[in-house]
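Inspection log for the structure reproduced underneath, given as structure tokens.
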Amino acid sequence: MKFDLSERLEDFAAHIILIFDKKPNSFAGEYLAKQLIRSACSSALNYGEALGAGTDRDKINKLKICLKELRECLRNLNIQTKEKIISENDVKDLRYENDQLIRIIVTRIKNIG
């Protein structure tokens with residue numbers, strides 16, 4: 001298990017892209033796939049911004065954006081599996097990693113504030 005959070009967030013976004021970059025068969029599938037890719041990439045990018053933040057307040061703000069995007073990813077994965085756009089087996093590991101990343105970011109925010 002990797003413990004470099006930057007790398008884990010980048011890997012998470014890359015795995016989302018690989019799984020959801022295929023052309024979905026429906027409007028809903030395409031819409032949700034594109035949104036999921038944006039959210040996953042945004043979480044990694046905002047974490048990078050947090051690392052370069054000049055103040056604790058700015059760092060917390062960037063981490064909260066990262067957290068918001070990760071929570072959006074989780075909801076998106078839930079919707080797609082409930083509607084059988086993608087199978088639970090295909091995203092089980094991603095969902096677990098998503099949950100772990102949320103927990104880590106929450107802890108980082110608490111430790112700063």
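The values are calculated or read from the model by the stated rules, or taken from the named source; none is laboratory data. In this text the structure is predicted, and so the values were computed from the model without any measurement. Every residue, glycine as well, gets a Cβ built from its backbone with ideal geometry; the counts of neighbours run over all protein chains shown.
Search segment 58-69 for residues that are under 12 Å from residue 48 (Cα atoms) and pair each with any residue that is modelled with pLDDT under 95 and not in a helix (DSSP H, G or I) when their beta-carbon atoms are under 6 Å apart and the residues are at least 6 apart or on different chains.
So the pair list comes out as 59/53; 62/53.
So, in segment 1-27, of the ones that are surrounded by fewer than 17 Cβ atoms within 10 Å (Cβ to Cβ) and β-branched (Val, Ile, Thr), which residue ends up modelled with the lowest pLDDT?
Looking at the filtered set, the residue picked out is 19.
State which residue is surrounded by the fewest Cβ atoms within 10 Å (Cβ to Cβ) when the search covers only segment 53-81 and only residues that are closer than 14 Å to residue 5 by Cβ and of a type outside the set (D, E, K, R).
My answer is 67.
Just one of the numbered conditions (1) under 16 Å from residue 5 (Cβ atoms); (2) surrounded by fewer than 16 Cβ atoms within 10 Å (Cβ to Cβ) is not true of residue 30; which one?
(1)
Kindly indicate whether residue 85 is modelled with pLDDT under 95 and farther than 29 Å from residue 27 by Cβ.
No: the conditions fail for residue 85.
Which pairs turn up if I take residues in segment 2-13 that are over 13 Å from residue 45 (Cβ atoms) and look for partners that are surrounded by 17 or more Cβ atoms within 10 Å (Cβ to Cβ) with beta carbon separation below 6 Å, at least 6 apart in sequence or on another chain?
From segment 2-13, the pairs are 2/8.
Which fully enclosed helices (runs of 4 or more DSSP H) of segment 20-113 have 3 or more residues being aromatic (Phe, Trp, Tyr) and farther than 12 Å from residue 9 by Cβ?
The helices (runs of 4 or more DSSP H) meeting that bar number zero.
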